[in-house]
Amino acid sequence: MTTVIDGKAVAADVREQLANSVDTLRDADVTPTLATVLMSDDPASETYVSMKQRDCEEVGIEARDVRISADAPADELFETIEDLNADTDVDGILVQMPVPDHVDKQAVLRSIDPEKDVDGFHPENVGRLVAGDARYKPCTPHGIQKLFESIDLDPEGKDVVVVGRSDIVGKPMANLLIQKAEGGNATVTVCHSRTRDLAEKTRQADVVVAAAGVPELVDGSMLSEGAVVVDVGVNRVDADTEKGYELVGDVDYDSAAEKASAITPVPGGVGPMTRAMLLYNTVKAASRQEDVPVELP
Ligand code: NDP
């Protein structure tokens, strides 16, 4: 029997517990507040931002929706971030990526106050994560750790292959899994586009986390019997649907499910967890900055 890991259900559970933490904060006259900053006309980015706004409202987090014209000078974005850094009512700041080409992305990440950096991408927060003293864990890998917990999977001693080495998924996932800490202690191999014989690596793995952005890159023939498979990928491929496309993961679900002991679906696996963990980091940010202790899920 293959367990289908229900990200929607786990995320709903996290949100419910966070709503209680928000109540605790509100009882102490603290309104946790997230500012999202969008500097883009890309419809996908707009959709992501509005989902984040809605998610906040659902658990009682106040959401500010800051928009900057995509052709505005870069300084307008930096001044906006400075204002939000200085605004004591704002606990978390999220700049929706990608920013336009004329804006230096790394400079944007560095400009956010690390205490308000709820994505966890500021170099100080990346450094703390690597050093085993994370302030805010990046949302997608943190959400995947929660999915492991939900199926009682302790990564300790397991061979894990992470496919992808991006700063937002692959690298922080690997860093979390090698920590000498709960939810870590795995033996991790990180693969990428220059990896020789990917299938040979994934076949050795107890757990495969696929985050390459390549539709159905990992199939059943690349897995060992009983592997746990986490599909991070969200890829738009042409399809005979109303919209003219469909979203597929980085894993060929049907063949992988035949081999796997547990697998995440797309949609309904990792995606809902990424969204829930942003709320988690925002509640944590409010709790830290306002010095009101709360329980976190
Ligand atoms: P990036 O494009 O930043 O990184 C992709 C990584 O995969 C790179 O390290 C790349 O290698 C590697 N890669 C590409 N092709 C191959 C290949 N054939 N074999 C092995 N490795 C390969 O992507 P992201 O990490 O941002 O995202 C990955 C996927 O996850 C995307 O589909 C994205 O949409 C999705 N995503 C989903 C989220 C969710 O919440 N569900 C959240 C974030 C992302 P190299 O470094 O050598 O180029």
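Check the range 263-270 and report whether any residue there is in a strand (DSSP E or B) and open to solvent by less than 10 Å² (accessible area, probe 1.4 Å).
Within the range 263-270, one or more residues are in a strand (DSSP E or B) and open to solvent by less than 10 Å² (accessible area, probe 1.4 Å).
Quick one: count up the residues across the range 108-125 that are open to solvent by 40 Å² or more (accessible area, probe 1.4 Å) and within 14 Å of the chain's Cα centre (by Cα).
Residues flagged as open to solvent by 40 Å² or more (accessible area, probe 1.4 Å) and within 14 Å of the chain's Cα centre (by Cα) within the range 108-125 amount to 1.
Looking for something open to solvent by 10 Å² or more (accessible area, probe 1.4 Å), within 15 Å of the ligand (Cβ to nearest atom) and among the polar types (S, T, N, Q) - is there at least one such residue anywhere in the range 53-76?
Within the range 53-76 (the criterion being open to solvent by 10 Å² or more (accessible area, probe 1.4 Å), within 15 Å of the ligand (Cβ to nearest atom) and among the polar types (S, T, N, Q)), the answer is no, since none of the residues qualifies.
Taking helices (runs of 4 or more DSSP H) that fall entirely within the range 124-239, which contain at least 3 residues that are over 30 Å from residue 285 (Cβ atoms) and within 11 Å of the ligand (Cβ to nearest atom)?
It comes to 198-202.
So which residues in the range 157-214 are charged (D, E, K, R) and under 20 Å from the mean Cα position of the chain (by Cα)?
Correct list: 165, 167, 171, 182.
Taking the condition under 27 Å from residue 43 (Cα atoms), open to solvent by 50 Å² or more (accessible area, probe 1.4 Å) and assigned to a helix (DSSP H, G or I), does residue 275 pass?
So residue 275 fits the description; yes.
Keeping to the range 240-297, report how many residues are within 21 Å of the chain's Cα centre (by Cα), away from the ligand (no atom under 16 Å from the Cβ) and not assigned by TED's automatic domain parsing to the domain that holds residue 193.
10
The values are calculated or read from the model by the stated rules, or taken from the named source; none is laboratory data. Keep in mind the model is a prediction, meaning the values are calculated, not measured. We place every Cβ from the backbone using ideal geometry, glycine too, and count neighbours over all the protein chains shown. We work out accessible area using only protein heavy atoms, side chains counted, and drop any ligands, DNA or RNA first. Shrake-Rupley method; radii C 1.70, N 1.55, O 1.52, S 1.80 Å.
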